[in-house]
Amino acid sequence: MPESQSSYQPAPVAIHPAPAAEHPATHPWLQHHFDSMEQQAEASTLGMWVFLCTEILFFGGLFMAYLVYRHASPEGFQEASHELSRLWGTTNTLVLICSSLTMALGVRAAQTNQSRKVIVGWLGATIVFGIGFLGIKAWEYYDKFVHHHVPGPNFHWDGLYPKPAEQFYSLYFAMTGLHALHMIIGIGIMTVIAVLAWKNTFDEEYFTPVEVAGLYWHFVDIVWIFLFPLLYLIGGHFKGA
Amino acid sequence: MDTIATPTVNYLNNGHGLKSWLLTKDHKRIALLYLFSITAFFFLGGFFALMIRLELLTPASDLVQPDTYNKLFTMHGIVMVFFFLIPSIPAVLGNFLVPIMVGAKDLAFPRINLLSWYIYVLGGLFTLVAAVTGGVDTGWTFYAPYSTSASNSHVITAGVGVFITGFSSILTGLNFIVTVHRMRAPGLTWFRLPLFVWSMYATSLIMILGTPVIAITVALVAVERGLHLGIFDPALGGDPVLFQHLFWFYSHPAVYIMILPAMGVVSELVQAGTRKNIFGYAFVAFSSLAIAIIGFLVWGHHLFVSGQSTYAGLVFSILSFFVAIPSAVKVFNWTATLYKGSISWDTPMLYAYGFIGLFTIGGLTGLFLATLGMDIHVHDTYFIIAHFHYVMVGGAIMGYLGGMHYWWPKITGRMYPESIARFAALIIFVGFNLTFGPQFIVGYLGMPRRYAMYAPEFQIWNVLSTAGATILGVGYLIPMVYFIWSVFRAPLAGSNPWGARGLEWEIPSPPPTENFVVTPVVTEGTHQYAPSREVGIA
Amino acid sequence: MFTNFPFFPQEASEQAANVDALYFFLLAVTGFFMVLIAALVVFFAFKYRRRHDNEVGEAIHGSLALELTWTIIPLGITMVMFVWGAATYFHMTRPPKGAMEIYVVGKQWMWKVQHVDGAREINELHVPIGRPVKLIMGSEDVIHSFFIPDFRVKEDVVPGRYNTLWFTASKPGRYHIFCTQYCGTKHSNMIGWVTAMDPADYQAWLSGGSSGGSMANNGAKLFQDLACASCHLENGQGRGPSLAGTYGHEVKLSTGQAVMMDDTYVRESILNPQAKIVAGFQPLMPTFKGLVTEEQILQLTAYIKSLGGPAPAAQK
């Protein structure tokens, strides 16, 4: 069949080189659509940064709701926040900060091509801290359940501001629940990365999965850094101050 | 330049069988997967629209019960907004063209691209289940407390569908952003990019920043409805206006997700159709970014009568005027491009004209809505419906159809039949104006939207509108028929049937799976028909 | 079937003409640009049509002067629209002092109207012409919206708060009321009529049987029946503060903040009494949520408004 083609053909905008006779050896982990390991690594990390921006907006909606309701009843929120355990909240904060440290050391280990034992060691420590965080969170949730502070038909509040307290705890469970979900996913990702590391997958040219998982983990940590004072420390001050 | 011969192996026949399509990593095949799905949803949404318009032939609610009517307009909105308009150009034309236009072999994350399609289908299934098991009747805007506490329909199921599909949008936007940043071919600087890529980039910014907010909002509606927590329902201690703020924070930028890609298409069509550089390239490129950014700041213009403070009203009104300016700049630039061009009368150009005319009307009526004293009267009437259909159907869908015609030979390797296509474009244009023109009039008269029954004096305008809708429906069916026909029977298309400039016209039609055997080296602006000073203004 | 062919709504309120003037201005300006663009596009499309397949366009890149022109001029025009629209809007959202107040409660799927003197209407609103009328509106369930097209007024009716709108009817006649925020099955049936009457006719209508007593009288009755009077003693020595002469003044709260005693505060105190406690009093008041309807709250409010008298003695 005849080809439909315009008789006017403009000059090309690019040079289209002929394929090389021999294909140079490429890294086993270089995907077909990238031209170099460097390009692949930069694309992956940029992708994770963009994804984390979407996560900021995702949590942002809940922070907005928190802002509106706290503004409507500051004393109510303060009273409700008082019933959360500052001891365990602080402990959890420290646990997460330590986990971010071990994560960063794990990324560094992969980047400097250390032995698989070192990399998996740091990743394993991160996982252990993560599980520790979730364990403490689970205990806190149980404690709230026992005290009838879980919003819904069984909610009961002895203080002065029952409605704001229920709103506070709705937001508490929504925000920390969403955060915990991200932690669980993060632990899953860490496990996969650890398995890959044990198989000697990474070297100084290819450690992007560890780096990208690290970015995600640090983000989840930072979300907690915002949640902790907003939920646990309302009206708080050091003794004697 | 030598004509590139039509190859025997291309992305369409490289691998046969369902598995090679359903597990593909090729952005071009994924674009076609999206094409089939969004077309199916378009006709579903169109069917709902047909039912609405048939009911509105008479003032009484006599074709369907009011409850059914409420479900019809809700499903029409949900399907058209979330499952057709938002994905359409980005997921079909964007997926197909962005890698080729930047000189890459695929998007940055091919598997995430495929995942985004599966997520879209999953979300669509939830919504179909909601539709089939009884429907949703909240309006696509899900206002609380009706949606959280009073509606007896499948709100949560539909909400889950929207929540899931949002992630498809987010992943698509993420993919485009990384691709444009990191995978441009050597020599392809930002200011040598086609304007279609600029608009896809700006659209992607909105997709990634706005969509998470609707996700959390819909999740909160589901939580409140399921667990009776007081977030939006004042009877439970919540704030219904908070819902509106959260909802419109996404849903206003969402309309720019729908229009920016179409504007990008029109820029390409106008350049190819005039064989001339776009007038004011940098201004058009930056306008896309300006629309994306300012578009995030105007959501409160949907809340002018909600009881929000008058000062908030002032702020949102003035910002809404600002957001109109970059669109106006684009319209002027397209018009100026026509001056001393070599202008074709082919179908893509006809759709470009249709876009320029109808988008201008729709956008100008937006100024009415930004005007505080004016919006009070026309808010929630058919004036609003006419406004947004002018921009979304007269604008976005015309842009989509124009792009489909323009790139059809590249996508399929076949040429569509030109005469019938021009005829269909005319039918669509006439049918569209007859459908939505009268709605401005009946809206100012006071006919509220979402009314199954209406005051008898509004009937004449409704009858005209339904007549137009019938013509419009026929107009949409015609391209369906000849596009399908063309795949089997039409003449083969060469690599560059339009004599256009651009990387996509320098590879075969249809392209090979890897697009470029070797990454090209770009030597000048891919939009230019004449050499120019590089970069910067003009 | 096609008995009338209306193009334009009636101008039946004093601000309708303002809104229409704004409308025609917008129509003229946008119409001008629309015709300009359409004319240019059509003209260029014909004049510069491609005459043979090998033709290309001229090498023009742009013009900074033109770009600035067509950015700045539209910006100027839109700012005129903004200012005019804002001015109209300010006028529309500021009811004059002394406007006649009428209460409206929206409920799925009807409008319940209460005049202060006790007249009650369902899906009907009688008003005199030439006198500013302020509607104070609440909802019993979901969001509705009160719209009188021929008056060019509209405002959402939101549960949990009061919204207001005002107008001055200018032409006797009957005009549509439409609910214009989707509210469920019978949303399109939640309609009614405004009857604007000459002042004499309006007086006649008012005196022709407003059964049920004025809002304030009904409120007084509720105040006794619901035992409000047992705590809110007039001498200020009861468990709750005296309400005499308090409406429209600031009240000091236990937190030190001051709050205006208005419709919203009264409603909140009835439904959620612990939210704001008056300074010097204990949080003892029970909630009346579920025990009073929105209309009854408005009647209680009317009663409290009617309690003139000296400001209460210093609280204990």
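The values are calculated or read from the model by the stated rules, or taken from the named source; none is laboratory data. None of the values given here were measured: they were computed from a predicted structure. All Cβ positions, glycine included, derive from the backbone under ideal geometry; neighbour counts span all protein chains shown.
Going through (1) surrounded by 23 or more Cβ atoms within 10 Å (Cβ to Cβ); (2) over 23 Å from the mean Cα position of the chain (by Cα); (3) in a helix (DSSP H, G or I); (4) without any contact (Cβ under 8 Å) to a residue 12 or more places away in the chain one by one, B:SER419 falls short only on (1).
Within the range C:33-81, the set of residues being in a helix (DSSP H, G or I), farther than 28 Å from B:LEU319 by Cβ and more than 46 Å from the chain's Cα centre (by Cα) comprises C:PHE43, C:PHE44, C:ALA45, C:PHE46, C:LYS47. Annotation: of all residues in the range B:428-458 being buried (at least 21 other Cβ atoms within 10 Å of the Cβ) and among the polar types (S, T, N, Q), the one that is farthest from the other protein chains (Cβ to nearest Cβ) is B:THR435. The residue that is farthest from C:GLU140 (Cα to Cα), among those in the range B:218-230 that are without any contact (Cβ under 8 Å) to a residue 60 or more places away in the chain and crowded, with 24+ Cβ neighbours inside 10 Å, is B:LEU220.
Quick one: which strands (runs of 3 or more DSSP E) sit completely within the range C:83-123 and have at least 1 residues that are within 13 Å of chain B (Cβ to nearest Cβ) and in contact (Cβ under 8 Å) with a residue 12 or more places away in the chain? Quick ask: steps written out before the conclusion?
Working: elements: C:100-107, C:110-115, C:120-122.
Those strands (runs of 3 or more DSSP E) span C:100-107.
Do we have C:ALA12 as under 19 Å from C:TYR89 (Cβ atoms) and among the hydrophobic types (A, V, I, L, M, F, W, C) here? So C:ALA12 fails the test.
Looking for whichever is surrounded by fewer than 23 Cβ atoms within 10 Å (Cβ to Cβ), part of a helix (DSSP H, G or I), touching a Ser or Thr at 6+ places or on another chain (Cβ under 8 Å) and at pLDDT 95 or above here; the options are B:SER267, B:SER204, B:SER287, B:SER251. Which one fits?
B:SER251
Residues being more than 30 Å from C:ALA17 (Cβ to Cβ), among the hydroxyl-bearing types (Ser, Thr, Tyr) and in contact with a helix residue (DSSP H, G or I) (Cβ under 9 Å, 6 or more places away or on another chain) are entirely absent from the range B:367-388.
When the range B:155-203 is examined, which residues are found to be hydroxyl-bearing (Ser, Thr, Tyr) and farther than 23 Å from B:LEU269 by Cβ? Before you say what the answer is, go through the steps one by one.
As a first pass, look at the range B:155-203 and keep what is hydroxyl-bearing (Ser, Thr, Tyr): B:157, B:165, B:168-169, B:172, B:179, B:189, B:199, B:201, B:203.
Selection gives B:THR157, B:THR165, B:SER168, B:SER169, B:THR189.
In this structure, B:ASP380 qualifies as in contact (Cβ under 8 Å) with a residue 40 or more places away in the chain, of a type in the set (Asp, Glu) and at positive phi.
Here is a yes/no grid of residues against (1) in contact with a helix residue (DSSP H, G or I) (Cβ under 7 Å, 6 or more places away or on another chain); (2) facing chain B (nearest Cβ under 8 Å); (3) touching a residue at least 40 places away in the same chain (Cβ under 8 Å); (4) under 30 Å from B:GLY494 (Cα atoms):
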site	(1), (2), (3), (4)
A:PRO2	no, yes, no, yes
A:SER7	no, yes, no, yes
A:PRO28	no, no, no, no
A:ALA41	yes, no, yes, no
A:THR91	yes, no, yes, no
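The C-beta contact set for the range B:461-482 (first residue closer than 16 Å to B:LEU56 by Cα and modelled with pLDDT of 95 or more, second residue basic (Lys, Arg) and in a helix (DSSP H, G or I), distance under 8 angstrom, 6+ apart or interchain) comprises B:SER465/B:ARG53; B:THR466/B:ARG53; B:ALA469/B:ARG53; B:THR470/B:ARG53.
Looking at C:VAL41, C:VAL35, C:VAL113, which is the one that is of a type outside the set (Phe, Trp, Tyr) and in contact with a Lys or Arg (Cβ under 8 Å, 6 or more places away or on another chain)?
Numbers: C:VAL41 fails: in contact with a Lys or Arg (Cβ under 8 Å, 6 or more places away or on another chain); C:VAL35 fails: in contact with a Lys or Arg (Cβ under 8 Å, 6 or more places away or on another chain).
Sole residue among the options that is of a type outside the set (Phe, Trp, Tyr) and in contact with a Lys or Arg (Cβ under 8 Å, 6 or more places away or on another chain): C:VAL113.
Residues that are at the interface with chain B (Cβ under 9 Å from one of its Cβ atoms), among the aliphatic types (A, V, I, L, M) and out of contact with any strand residue (DSSP E or B) (no Cβ under 9 Å at 6 or more places or on another chain) within the range C:37-57 comprise C:ILE37, C:ALA38, C:LEU40, C:VAL41, C:VAL42, C:VAL56, listed in sequence order. Checking each residue in the range B:211-233 for being in a helix (DSSP H, G or I) and closer than 16 Å to A:PRO153 by Cα picks out B:VAL223, B:GLU224, B:ARG225, B:GLY226, B:LEU227. Just so you know, in the range A:46-58 the residues that are in contact with a helix residue (DSSP H, G or I) (Cβ under 6 Å, 6 or more places away or on another chain) and more than 7 Å from chain B (Cβ to nearest Cβ) include one that is surrounded by the fewest Cβ atoms within 10 Å (Cβ to Cβ), and it is A:LEU52. Taken together, C:THR164, C:THR180 contain a single residue that is under 16 Å from C:TRP109 (Cβ atoms), in contact (Cβ under 8 Å) with a residue 12 or more places away in the chain and within 14 Å of chain B (Cβ to nearest Cβ), which is C:THR180.
Selection of first residues in the range A:202-215 that are closer than 11 Å to A:THR45 by Cα and of second residues that are surrounded by fewer than 18 Cβ atoms within 10 Å (Cβ to Cβ) and aromatic (Phe, Trp, Tyr), restricted to Cβ pairs under 8 Å at least 6 apart or on distinct chains, gives the following pairs, ordered by first then second residue: A:LEU215/A:TRP49. With respect to B:THR371, determine if the residue is out of contact with any strand residue (DSSP E or B) (no Cβ under 6 Å at 6 or more places or on another chain) and over 16 Å from C:TYR23 (Cα atoms). In short, no.
Mind checking which residues of the range C:12-28 are at the interface with another protein chain (Cβ under 8 Å from one of its Cβ atoms) and within 30 Å of B:THR337 (Cα to Cα)? Break it down stepwise before answering.
Step one: filter the range C:12-28 for residues at the interface with another protein chain (Cβ under 8 Å from one of its Cβ atoms), giving C:18-19, C:22-23, C:26.
Within the range C:12-28, just C:LEU26 meets the criteria.
Residues in the range A:9-26 that are within 7 Å of another protein chain (Cβ to nearest Cβ), surrounded by 13 or more Cβ atoms within 10 Å (Cβ to Cβ) and in a loop (DSSP other than H, G, I, E, B): 5 in all. Scanning the range C:243-264 for residues that are assigned to a strand (DSSP E or B) and over 28 Å from the mean Cα position of the chain (by Cα) gives C:LYS252, C:LEU253. B:LEU492 passes every criterion in (1) within 14 Å of chain A (Cβ to nearest Cβ); (2) without any contact (Cβ under 8 Å) to a residue 24 or more places away in the chain apart from (2).
Tell me the residue from C:GLY240, C:GLY236, C:GLY213 that is over 25 Å from the mean Cα position of the chain (by Cα), part of a loop (DSSP other than H, G, I, E, B) and closer than 27 Å to C:VAL133 by Cβ, please. Please lay out each step first, then the result.
Values: C:GLY240 fails: closer than 27 Å to C:VAL133 by Cβ; C:GLY236 fails: closer than 27 Å to C:VAL133 by Cβ.
C:GLY213 is the lone residue from the list that is over 25 Å from the mean Cα position of the chain (by Cα), part of a loop (DSSP other than H, G, I, E, B) and closer than 27 Å to C:VAL133 by Cβ.
Can you name the residue in the range B:55-94 that is touching a helix residue (DSSP H, G or I) at 6+ places or on another chain (Cβ under 8 Å) and of a type in the set (Gly, Ala, Ser) and is also nearest to B:THR141 (Cα to Cα) among such residues? Filtering the range B:55-94 for residues that are touching a helix residue (DSSP H, G or I) at 6+ places or on another chain (Cβ under 8 Å) and of a type in the set (Gly, Ala, Ser), the one nearest to B:THR141 (Cα to Cα) comes out as B:SER88.
Look at (1) in contact with a Leu (Cβ under 6 Å, 6 or more places away or on another chain); (2) within 7 Å of chain C (Cβ to nearest Cβ); (3) hydrophobic (A, V, I, L, M, F, W, C) and you find that B:LEU319 fails only one, number (2).
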